[in-house]
Amino acid sequence: MAFECQESFHLVPSNSIIVSSLSSDLSCVLRPNFPQKTLKKQTLPNPKEEDNGGGGGDSGSNGRRLITDLPAALVSEIFHCLDAKDLGIVACVSTLLNNLATNHLGWKKFYFERWGPPSSPSPDSGKSWNELFVERQLKSKCFMGRYTMDILHGVCGNTEVKAVRAVFLLKTSKLIFTSGYDSIVRMWGMEDGILIAGSRPLGCTIRAIVADDDMLLAGGDGFIQGWRAIEGNPHCFDLTGNNELRIRGHEGPITCLGLDSQRIFSGSWDMSIRIWSRTSLKCLKKLMHVDWVWSLAPCGSTVASTAGSHAYVWDIESGELVDLVRNAHMGKATSVARSFLGDLLFTGGQDGAIHMFEVRSSTSVDGIRMIATWKPHTDHVNSLAFEFPWLVSASSDGRLALINVRNFLQCSRAKKSVLCAVEPPQRMLHGFGKDLYSIAVGADRIICGGEEGVVRVWNFSQALEAAKRAQNLRSIRLENRMRRRKAQIELNAKSGRPDQSLASPKKTQMSGSRNGIWKGKQRDRKN
């Protein structure tokens, strides 16, 4: 790694991955844009010189005190003020700061802010939170790579294929749940795509599914059908057994569901969201809207929803409306998604547009503000799913849009202003020709169901390895080309001939063809 002032810094090359994997715009880390004079005044001492007694009581030749002179506990508290990018830069400055930065508990905070708790309760295989963060950050780049597609068929033989209206991915157990017009809830293995179990027909269209380690819920016409996990076997549901439950209360079809550790959330075409107790299954709150409720997303102490053309943010405990975005879309606002902390809110509508809002605290003057907008679709945006930093949308135009929101977040928080620029998504997946109704996203999977009656699973788990192999092949080809080039130069030098590889055909001014000069030479030879 090359800094502007190499003699003043003690670098640790083994930690270069910390910086290179944090974000796509970290190339500035290798050569920071600091003034040369400032670097010389704030140079850090060589730890070896300090051990030999060269430092004495002062840390520099000019007697200035440096951050390395502070107690380790105080430096660790200072590091709490840094973000992931800055903490990665600090880890590459010196051996002492590298030890403090890589073992800092801030990496656990950064991980939870982006993706929540990992699949295992604590870091496995002796990995630190810094290593888990770097691995997860690298994996987030896989959606721009190559993929394989698996198709899950829920019916066999001559049975009529019916649309899939709801899909859900349970990341902790790597299970996929699907249902739709056939009213059967099916459970699949994510890795092998094998159908594990299916429920009995529930007698109506299932438009919503949600699950966690202890409970699986499906929304029907006015009721919620549920299954509890088998005792002693979390996230293991017996869809044909006796652990069923049913909740009634809505007066219309249920379109969306949500879960947290204590409550169940359900939205319906009866223009209400009902909050239920997970233990007693009784209704605790009823949140009324002005139109059909299409989607909801609970997070922390609030729940976001869309009804009509508006987007709502409600307080769960009091049932009061916290924020309201009027006319968020032209037509219906049909889908909503949130980040893990709930500070980002995404909405999609019938106009094919997707809006990103920043949700601030209730004490802020402006509680919610728009950050960015996209219009990747030409028809309804039926479903949204967010897995940092990727927002994935499914539309009735038969396409999926993949949007990386990291750059927008950095720009908006730096400028502290509304960004109204419309930018195309980073990637589009299309070619299905039929409506797509529901989407779910994991670390390296995208699951989608629609009108064609099958569930498609995009597998990006080998994308990074394929990209690495392609890069290695390109490097080998370039190396071989340079080797042949060098051998040709040496051969020409020995034989006394000019290097013909430097000569290249030039374009003619009239036609722009590269063949004109060679034809002219042939005519001269004939004459």
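Below are the figures for this structure:
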quantity: Solvent-accessible area per residue for segment 142-466 (1.4 angstrom probe, square angstrom); calculated: 41 Å²
quantity: Stretch gain in nm, segment CYS81-VAL290, where the contour uses 0.36 nm per residue and the Cα spacing is subtracted; calculated: 70.9 nm
quantity: Förster radius 35 Å - calculated FRET efficiency between ALA470 and SER128 (Cβ-Cβ, nearest 0.05); calculated: 0.70
quantity: 3J(HN,Hα) from dihedral phi, segment 239-249, Karplus parametrisation 6.51/-1.76/1.60, rounded to Hz, x for glycine, proline; calculated: 6, 10, x, 9, 8, 8, 9, 9, 10, 10, x
quantity: Around SER295: net Lys/Arg minus Asp/Glu count, Cβ-Cβ under 11 Å; calculated: +3
quantity: Heavy atoms of TRP292 accessible to a 1.4 Å probe, total area in Å² rounded to 10; calculated: 110 Å²
quantity: Summed residue charge, Cβ within 15 Å of GLU231's Cβ, Lys/Arg positive, Asp/Glu negative; calculated: -3
quantity: Gain on full stretching of the segment that runs from ARG427 to LEU66 - 0.36 nm per residue minus C-alpha separation; calculated: 125.3 nm
quantity: Of all accessible heavy-atom area on segment 142-466, the percent that carbon and sulfur account for (1.4 Å); calculated: 50 percent
quantity: Within segment 277-328, trypsin sites (Lys or Arg not before Pro) in DSSP loop having at most 11 other beta-carbon neighbours inside 10 Å; calculated: LYS282, ARG326
quantity: Of LYS375/LYS434; LYS85/LYS375; LYS108/LYS139; LYS141/LYS332; LYS332/LYS375; LYS171/LYS285, pairs whose Cα-Cα distance is over 26 Å; calculated: LYS85/LYS375; LYS141/LYS332; LYS171/LYS285
quantity: Whether segment 142-466 is rounded, prolate or oblate, judged on the alpha carbon gyration tensor where a/c under 1.5 counts as rounded; calculated: oblate
quantity: Under 5 Å, built H, 5+ apart or other chain: amide partners of GLY222; calculated: GLY252, ILE254
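The values are calculated or read from the model by the stated rules, or taken from the named source; none is laboratory data. Predicted model only: the values in this text are computed from it and were never measured. Cβ atoms come from the backbone with ideal geometry, glycine included; neighbour counts cover every protein chain shown. In case anyone asks, the SASA skips ligands and DNA or RNA and just uses the protein heavy atoms, side chains included. Shrake-Rupley method; radii C 1.70, N 1.55, O 1.52, S 1.80 Å.
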